[in-house]
Amino acid sequence: KADMAMYSAKERGRNNYCFFSEDMNQSAQEVLQLQLELRQAIGAGQLALHYQPKVELKSGRITGAEALLRWEHASRGFIAPDIFIPLAERSGLIIELGDWVLKEAVRQCRRWHLMGFDWLTMAINVSSIQFKRGHFELAVMEALDNASLEGRFLELELTESLLLDVQPALQQSLASIQDKGVGLSIDDFGTGYSNLGYLKRFRVSVLKIDKSFVTNLAGNSQNEAIVQAIIQMAQSLKIGTVAEGVEDGQTAAKLIDMGCEVGQGYHWSKPLPSADFLRLIKPTA
Ligand code: C2E
Ligand code: MG
Ligand code: MG
Ligand code: MG
(Lines give C-alpha, C1' and ligand atoms only; values in the text may rest on other atoms or scores of the structure.)
(Ligands and ions follow the chains in the order given, each with its own letter.)
Protein backbone atom coordinates (compact mmCIF):
# COMPACT_ATOMS: atom_id res chain seq x y z
CA LYS A 1 0.00 0.00 0.00
CA ALA A 2 1.32 3.41 -0.95
CA ASP A 3 2.46 5.82 1.67
CA MET A 4 -0.23 8.30 2.58
CA ALA A 5 2.43 10.94 3.02
CA MET A 6 2.47 11.09 -0.75
CA TYR A 7 -0.50 13.43 -0.45
CA SER A 8 -0.89 16.38 1.78
CA ALA A 9 -4.38 17.12 3.03
CA LYS A 10 -3.29 20.70 3.64
CA GLU A 11 -2.85 21.08 -0.07
CA ARG A 12 -6.43 20.21 -0.87
CA GLY A 13 -7.68 22.80 -3.33
CA ARG A 14 -11.07 24.34 -3.56
CA ASN A 15 -12.45 21.28 -5.31
CA ASN A 16 -11.22 19.08 -2.51
CA TYR A 17 -8.68 17.35 -4.66
CA CYS A 18 -5.56 15.91 -3.16
CA PHE A 19 -2.36 17.27 -4.58
CA PHE A 20 1.16 16.08 -4.18
CA SER A 21 2.97 18.35 -1.82
CA GLU A 22 5.36 20.53 -3.76
CA ASP A 23 8.55 19.58 -2.02
CA MET A 24 7.85 15.91 -2.33
CA ASN A 25 10.28 13.86 -4.31
CA GLN A 26 8.25 11.22 -6.05
CA SER A 27 10.25 8.06 -6.06
CA ALA A 28 9.94 5.85 -9.08
CA GLN A 29 8.23 3.33 -6.86
CA GLU A 30 5.57 5.78 -5.72
CA VAL A 31 4.82 6.80 -9.26
CA LEU A 32 4.62 3.15 -10.22
CA GLN A 33 2.21 2.48 -7.37
CA LEU A 34 -0.08 5.29 -8.43
CA GLN A 35 0.02 4.11 -12.02
CA LEU A 36 -0.97 0.64 -10.84
CA GLU A 37 -3.90 2.06 -8.93
CA LEU A 38 -4.93 4.14 -11.92
CA ARG A 39 -4.99 1.02 -14.05
CA GLN A 40 -7.28 -0.63 -11.51
CA ALA A 41 -9.40 2.51 -11.21
CA ILE A 42 -10.69 2.07 -14.74
CA GLY A 43 -12.11 -1.34 -13.92
CA ALA A 44 -13.19 -0.36 -10.41
CA GLY A 45 -15.47 2.41 -11.64
CA GLN A 46 -13.48 5.10 -9.83
CA LEU A 47 -13.30 7.27 -12.92
CA ALA A 48 -16.04 9.68 -13.79
CA LEU A 49 -16.59 12.50 -16.20
CA HIS A 50 -17.77 15.84 -14.97
CA TYR A 51 -19.31 18.30 -17.38
CA GLN A 52 -18.82 22.04 -17.48
CA PRO A 53 -21.22 24.16 -19.53
CA LYS A 54 -20.11 26.36 -22.39
CA VAL A 55 -22.26 29.46 -22.47
CA GLU A 56 -23.06 31.79 -25.36
CA LEU A 57 -22.08 35.09 -23.79
CA LYS A 58 -24.73 37.35 -25.34
CA SER A 59 -27.74 35.13 -24.68
CA GLY A 60 -26.55 33.22 -21.63
CA ARG A 61 -27.63 30.05 -23.43
CA ILE A 62 -25.76 26.80 -22.78
CA THR A 63 -24.42 25.47 -26.06
CA GLY A 64 -22.44 22.48 -24.94
CA ALA A 65 -20.28 20.78 -22.36
CA GLU A 66 -16.63 20.02 -21.81
CA ALA A 67 -15.99 16.59 -20.31
CA LEU A 68 -13.38 16.67 -17.54
CA LEU A 69 -12.01 13.50 -16.06
CA ARG A 70 -12.22 12.81 -12.32
CA TRP A 71 -10.56 10.05 -10.32
CA GLU A 72 -12.19 9.30 -7.02
CA HIS A 73 -9.64 7.21 -5.21
CA ALA A 74 -11.07 4.81 -2.63
CA SER A 75 -9.02 6.15 0.27
CA ARG A 76 -7.58 9.43 -0.99
CA GLY A 77 -10.63 11.19 -2.34
CA PHE A 78 -10.49 13.13 -5.60
CA ILE A 79 -7.18 13.28 -7.37
CA ALA A 80 -6.90 16.15 -9.86
CA PRO A 81 -6.34 15.46 -13.56
CA ASP A 82 -3.28 17.72 -13.55
CA ILE A 83 -1.73 15.05 -11.30
CA PHE A 84 -2.85 11.80 -12.87
CA ILE A 85 -3.00 12.69 -16.57
CA PRO A 86 0.80 13.18 -16.72
CA LEU A 87 1.27 9.85 -14.93
CA ALA A 88 -1.06 8.18 -17.40
CA GLU A 89 0.87 9.73 -20.26
CA ARG A 90 4.20 8.48 -18.95
CA SER A 91 2.90 4.94 -18.51
CA GLY A 92 1.02 4.77 -21.79
CA LEU A 93 -2.18 4.23 -19.84
CA ILE A 94 -3.51 7.44 -21.36
CA ILE A 95 -4.55 5.51 -24.46
CA GLU A 96 -6.91 3.28 -22.49
CA LEU A 97 -8.02 6.21 -20.35
CA GLY A 98 -8.55 8.47 -23.33
CA ASP A 99 -10.52 5.80 -25.10
CA TRP A 100 -12.80 5.47 -22.08
CA VAL A 101 -13.31 9.25 -21.94
CA LEU A 102 -14.10 9.40 -25.65
CA LYS A 103 -16.67 6.61 -25.49
CA GLU A 104 -18.29 7.79 -22.28
CA ALA A 105 -18.53 11.44 -23.35
CA VAL A 106 -20.00 10.55 -26.73
CA ARG A 107 -22.51 8.17 -25.11
CA GLN A 108 -23.50 10.84 -22.60
CA CYS A 109 -23.97 13.40 -25.32
CA ARG A 110 -26.22 10.98 -27.21
CA ARG A 111 -28.24 10.27 -24.05
CA TRP A 112 -28.87 13.98 -23.61
CA HIS A 113 -29.83 14.30 -27.28
CA LEU A 114 -32.37 11.51 -26.84
CA MET A 115 -33.82 13.41 -23.88
CA GLY A 116 -34.51 16.36 -26.16
CA PHE A 117 -31.33 18.38 -25.76
CA ASP A 118 -30.33 17.56 -29.29
CA TRP A 119 -28.38 20.78 -29.85
CA LEU A 120 -25.77 20.07 -27.18
CA THR A 121 -22.13 19.71 -28.21
CA MET A 122 -19.56 17.69 -26.31
CA ALA A 123 -15.89 18.60 -26.05
CA ILE A 124 -13.20 16.20 -24.91
CA ASN A 125 -9.55 16.80 -24.10
CA VAL A 126 -7.11 14.78 -26.15
CA SER A 127 -3.58 14.12 -24.99
CA SER A 128 -0.78 14.25 -27.51
CA ILE A 129 0.27 10.67 -26.77
CA GLN A 130 -3.28 9.44 -27.19
CA PHE A 131 -3.51 11.24 -30.50
CA LYS A 132 -0.21 9.97 -31.83
CA ARG A 133 -0.17 6.34 -30.72
CA GLY A 134 -3.70 5.24 -30.12
CA HIS A 135 -5.31 4.61 -33.54
CA PHE A 136 -7.15 7.76 -32.75
CA GLU A 137 -9.11 8.17 -35.97
CA LEU A 138 -10.59 4.69 -35.68
CA ALA A 139 -11.47 5.22 -32.03
CA VAL A 140 -13.35 8.44 -32.80
CA MET A 141 -15.26 6.90 -35.70
CA GLU A 142 -16.22 3.87 -33.60
CA ALA A 143 -17.34 5.96 -30.64
CA LEU A 144 -19.57 8.09 -32.87
CA ASP A 145 -20.96 5.10 -34.78
CA ASN A 146 -21.67 3.06 -31.65
CA ALA A 147 -23.55 5.93 -30.05
CA SER A 148 -25.19 7.04 -33.32
CA LEU A 149 -23.98 10.57 -32.72
CA GLU A 150 -23.25 12.92 -35.61
CA GLY A 151 -19.66 14.13 -35.75
CA ARG A 152 -20.69 17.80 -35.66
CA PHE A 153 -21.65 17.43 -32.01
CA LEU A 154 -18.16 16.37 -30.99
CA GLU A 155 -15.26 18.76 -30.42
CA LEU A 156 -11.66 17.78 -29.80
CA GLU A 157 -9.61 20.04 -27.55
CA LEU A 158 -5.98 19.79 -28.57
CA THR A 159 -3.02 21.89 -27.48
CA GLU A 160 -0.77 24.04 -29.61
CA SER A 161 2.24 21.88 -28.81
CA LEU A 162 0.44 18.81 -30.12
CA LEU A 163 -0.32 20.46 -33.46
CA LEU A 164 3.21 21.77 -33.83
CA ASP A 165 4.68 18.36 -34.57
CA VAL A 166 1.94 16.44 -36.29
CA GLN A 167 3.34 14.28 -39.08
CA PRO A 168 1.65 14.29 -42.51
CA ALA A 169 -0.04 10.91 -42.00
CA LEU A 170 -1.62 12.10 -38.78
CA GLN A 171 -2.58 15.39 -40.35
CA GLN A 172 -4.48 13.37 -42.95
CA SER A 173 -6.07 11.32 -40.20
CA LEU A 174 -7.18 14.46 -38.37
CA ALA A 175 -8.59 15.85 -41.61
CA SER A 176 -10.66 12.67 -42.03
CA ILE A 177 -12.07 13.11 -38.54
CA GLN A 178 -12.92 16.72 -39.36
CA ASP A 179 -14.57 15.63 -42.60
CA LYS A 180 -17.12 13.93 -40.34
CA GLY A 181 -17.94 17.34 -38.91
CA VAL A 182 -15.92 16.96 -35.72
CA GLY A 183 -14.65 20.33 -34.44
CA LEU A 184 -11.10 21.19 -33.51
CA SER A 185 -10.42 23.55 -30.59
CA ILE A 186 -7.05 24.82 -29.45
CA ASP A 187 -6.99 24.54 -25.65
CA ASP A 188 -5.08 26.92 -23.38
CA PHE A 189 -4.47 29.21 -26.34
CA GLY A 190 -1.77 31.77 -25.75
CA THR A 191 0.33 29.69 -23.38
CA GLY A 192 2.06 27.60 -26.04
CA TYR A 193 4.22 28.82 -28.87
CA SER A 194 4.19 31.99 -30.89
CA ASN A 195 4.52 29.98 -34.07
CA LEU A 196 0.97 30.29 -35.39
CA GLY A 197 1.56 28.58 -38.72
CA TYR A 198 -0.49 25.60 -37.60
CA LEU A 199 -3.59 27.79 -37.79
CA LYS A 200 -3.18 27.64 -41.56
CA ARG A 201 -2.30 23.95 -41.65
CA PHE A 202 -5.32 22.78 -39.69
CA ARG A 203 -8.97 23.69 -39.92
CA VAL A 204 -9.20 25.10 -36.41
CA SER A 205 -12.78 25.87 -35.36
CA VAL A 206 -12.23 27.43 -31.93
CA LEU A 207 -9.49 29.12 -29.91
CA LYS A 208 -9.98 28.58 -26.18
CA ILE A 209 -8.35 31.58 -24.56
CA ASP A 210 -6.37 30.32 -21.57
CA LYS A 211 -7.79 31.08 -18.16
CA SER A 212 -4.55 32.74 -17.04
CA PHE A 213 -5.51 35.71 -19.28
CA VAL A 214 -9.23 35.57 -18.54
CA THR A 215 -9.43 35.31 -14.77
CA ASN A 216 -9.03 38.88 -13.43
CA LEU A 217 -9.31 40.25 -16.94
CA ALA A 218 -11.02 43.50 -16.04
CA GLY A 219 -8.50 46.03 -14.79
CA ASN A 220 -5.43 44.14 -15.96
CA SER A 221 -4.31 46.03 -19.04
CA GLN A 222 -1.83 43.37 -20.16
CA ASN A 223 -4.40 40.60 -20.05
CA GLU A 224 -6.90 42.85 -21.79
CA ALA A 225 -4.47 43.54 -24.60
CA ILE A 226 -3.66 39.86 -25.06
CA VAL A 227 -7.29 38.73 -25.00
CA GLN A 228 -8.32 41.50 -27.41
CA ALA A 229 -5.53 40.55 -29.81
CA ILE A 230 -6.53 36.87 -29.72
CA ILE A 231 -10.19 37.70 -30.38
CA GLN A 232 -9.32 40.04 -33.25
CA MET A 233 -7.05 37.47 -34.84
CA ALA A 234 -9.67 34.75 -34.46
CA GLN A 235 -12.33 36.96 -36.03
CA SER A 236 -10.10 37.73 -39.02
CA LEU A 237 -9.42 34.03 -39.49
CA LYS A 238 -13.11 33.18 -39.00
CA ILE A 239 -12.30 31.04 -35.99
CA GLY A 240 -14.59 30.96 -32.94
CA THR A 241 -13.51 32.04 -29.46
CA VAL A 242 -14.17 30.53 -26.06
CA ALA A 243 -12.90 32.20 -22.90
CA GLU A 244 -12.11 29.69 -20.14
CA GLY A 245 -11.89 30.54 -16.45
CA VAL A 246 -14.64 33.20 -16.38
CA GLU A 247 -15.24 33.61 -12.66
CA ASP A 248 -17.49 36.68 -12.42
CA GLY A 249 -20.09 38.76 -14.24
CA GLN A 250 -17.75 41.69 -14.74
CA THR A 251 -15.39 39.50 -16.75
CA ALA A 252 -18.28 38.06 -18.76
CA ALA A 253 -19.50 41.58 -19.61
CA LYS A 254 -16.01 42.66 -20.59
CA LEU A 255 -15.66 39.65 -22.88
CA ILE A 256 -18.92 40.51 -24.63
CA ASP A 257 -17.58 44.04 -25.24
CA MET A 258 -14.41 42.54 -26.67
CA GLY A 259 -16.36 40.36 -29.11
CA CYS A 260 -15.81 36.97 -27.51
CA GLU A 261 -18.57 34.50 -28.32
CA VAL A 262 -18.57 31.79 -25.69
CA GLY A 263 -17.51 31.55 -22.06
CA GLN A 264 -16.80 28.80 -19.61
CA GLY A 265 -16.12 29.10 -15.91
CA TYR A 266 -17.22 29.15 -12.30
CA HIS A 267 -19.35 32.25 -13.00
CA TRP A 268 -21.90 29.88 -14.53
CA SER A 269 -20.88 26.55 -13.11
CA LYS A 270 -17.98 24.38 -12.10
CA PRO A 271 -17.75 20.98 -13.81
CA LEU A 272 -20.68 18.83 -12.63
CA PRO A 273 -21.64 15.16 -12.48
CA SER A 274 -23.98 14.26 -15.35
CA ALA A 275 -27.15 14.33 -13.20
CA ASP A 276 -26.38 17.85 -11.98
CA PHE A 277 -25.52 19.02 -15.47
CA LEU A 278 -28.90 17.75 -16.61
CA ARG A 279 -30.63 19.83 -13.95
CA LEU A 280 -28.74 22.82 -15.27
CA ILE A 281 -29.88 22.44 -18.88
CA LYS A 282 -33.45 21.34 -18.17
CA PRO A 283 -34.96 24.84 -17.80
CA THR A 284 -33.62 25.83 -21.21
CA ALA A 285 -35.43 23.01 -23.00
P1 C2E B 1 -8.47 22.27 -19.46
O2 C2E B 1 -8.94 21.36 -20.55
O3 C2E B 1 -7.88 23.56 -19.87
O4 C2E B 1 -9.73 22.46 -18.53
C5 C2E B 1 -10.04 23.63 -17.84
C6 C2E B 1 -9.72 23.52 -16.38
O7 C2E B 1 -10.08 24.74 -15.73
C8 C2E B 1 -10.50 22.43 -15.65
O9 C2E B 1 -9.67 21.92 -14.62
C10 C2E B 1 -11.66 23.21 -15.06
O11 C2E B 1 -12.26 22.58 -13.94
C12 C2E B 1 -10.98 24.48 -14.68
N13 C2E B 1 -11.89 25.62 -14.60
C14 C2E B 1 -13.09 25.76 -15.18
N15 C2E B 1 -13.64 26.95 -14.91
C16 C2E B 1 -12.77 27.59 -14.12
C17 C2E B 1 -12.76 28.89 -13.49
O18 C2E B 1 -13.69 29.69 -13.62
N19 C2E B 1 -11.67 29.21 -12.76
C20 C2E B 1 -10.62 28.35 -12.60
N21 C2E B 1 -9.59 28.75 -11.87
N22 C2E B 1 -10.58 27.13 -13.18
C23 C2E B 1 -11.65 26.76 -13.93
P24 C2E B 1 -9.57 20.36 -14.33
O25 C2E B 1 -10.91 19.73 -14.51
O26 C2E B 1 -8.85 20.19 -13.06
O27 C2E B 1 -8.67 19.84 -15.53
C28 C2E B 1 -7.34 20.24 -15.65
C29 C2E B 1 -6.74 19.80 -16.96
O30 C2E B 1 -6.62 18.38 -17.01
C31 C2E B 1 -7.59 20.17 -18.18
O32 C2E B 1 -7.39 21.52 -18.53
C33 C2E B 1 -7.07 19.19 -19.18
O34 C2E B 1 -5.88 19.66 -19.77
C35 C2E B 1 -6.73 17.97 -18.32
N36 C2E B 1 -7.82 16.99 -18.47
C37 C2E B 1 -9.00 16.90 -17.80
N38 C2E B 1 -9.74 15.85 -18.24
C39 C2E B 1 -9.00 15.26 -19.22
C40 C2E B 1 -9.21 14.12 -20.08
O41 C2E B 1 -10.26 13.45 -20.08
N42 C2E B 1 -8.20 13.81 -20.95
C43 C2E B 1 -7.05 14.55 -21.02
N44 C2E B 1 -6.10 14.17 -21.90
N45 C2E B 1 -6.84 15.62 -20.24
C46 C2E B 1 -7.80 15.98 -19.35
MG1 MG C 1 -10.00 21.56 -22.20
MG1 MG D 1 -8.00 24.93 -21.22
MG1 MG E 1 -5.76 24.04 -18.95
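The values are calculated or read from the model by the stated rules, or taken from the named source; none is laboratory data. Not measured: the values here are computed from a predicted model. Cβ atoms come from the backbone with ideal geometry, glycine included; neighbour counts cover every protein chain shown. Remember, those area values only see protein heavy atoms, side chains included, never the ligands or the DNA or RNA. Shrake-Rupley method; radii C 1.70, N 1.55, O 1.52, S 1.80 Å.
Laid out as a table, the results:
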read-out: Accessible area expressed per residue, the chain, with surrounding protein chains retained (probe 1.4 Å, Å²); value: 48 Å²
read-out: Relative contact order (percent, whole number), the chain, Cα cutoff 8 Å, 6+ residue spacing; value: 17 percent
read-out: Farthest toward positive dipole pole in the chain [+1 Lys/Arg, -1 Asp/Glu at C-beta], among Ser91, Asn146, Ile42; value: Asn146
read-out: Expected 222 nm ellipticity per residue - DSSP helices of 4 or more, -39500 (n - 2.57), all of the chain, to 500; value: -13000 deg cm²/dmol
read-out: Length added when fully stretched, Glu224-Gln46, from 0.36 nm per residue minus Cα-Cα; value: 60.1 nm
read-out: Inter-site label distance for Arg107 and Gln235 at 7 Å from Cα along Cβ, in nm; value: 4.3 nm
read-out: Candidates Leu164, Leu184, Leu207: whichever shows maximal mean-square fluctuation once the chain is modelled as a Gaussian network with Cα springs under 10 Å; value: Leu164
read-out: Distant-in-sequence amide H partners of Phe78 (H built 1.01 Å from N, under 5 Å); value: Cys18, His73
read-out: Carbon/sulfur fraction of accessible area - the chain, other protein chains in place, 1.4 Å, %; value: 49 percent
read-out: Distance histogram in 10 Å bins (all Cα pairs of the chain, percent per bin); value: 6, 27, 34, 26, 7, 0
read-out: Placed amide H near Thr63: partners under 5 Å, 5+ positions off or other chain; value: Lys54, Val55, Glu56
read-out: Average projection area in nm² (convex hull over Cα atoms of the range 171-285, one quarter of hull surface); value: 8.7 nm²
read-out: Relative contact order [Cα under 8 Å, 6+ residues apart], the range 40-166, whole percent; value: 22 percent
read-out: Cross-link table Lys132/Lys180; Lys103/Lys254; Lys132/Lys282; Lys211/Lys238; Lys200/Lys270; Lys132/Lys208, entries beyond 31 Å C-alpha to C-alpha; value: Lys103/Lys254; Lys132/Lys282; Lys200/Lys270
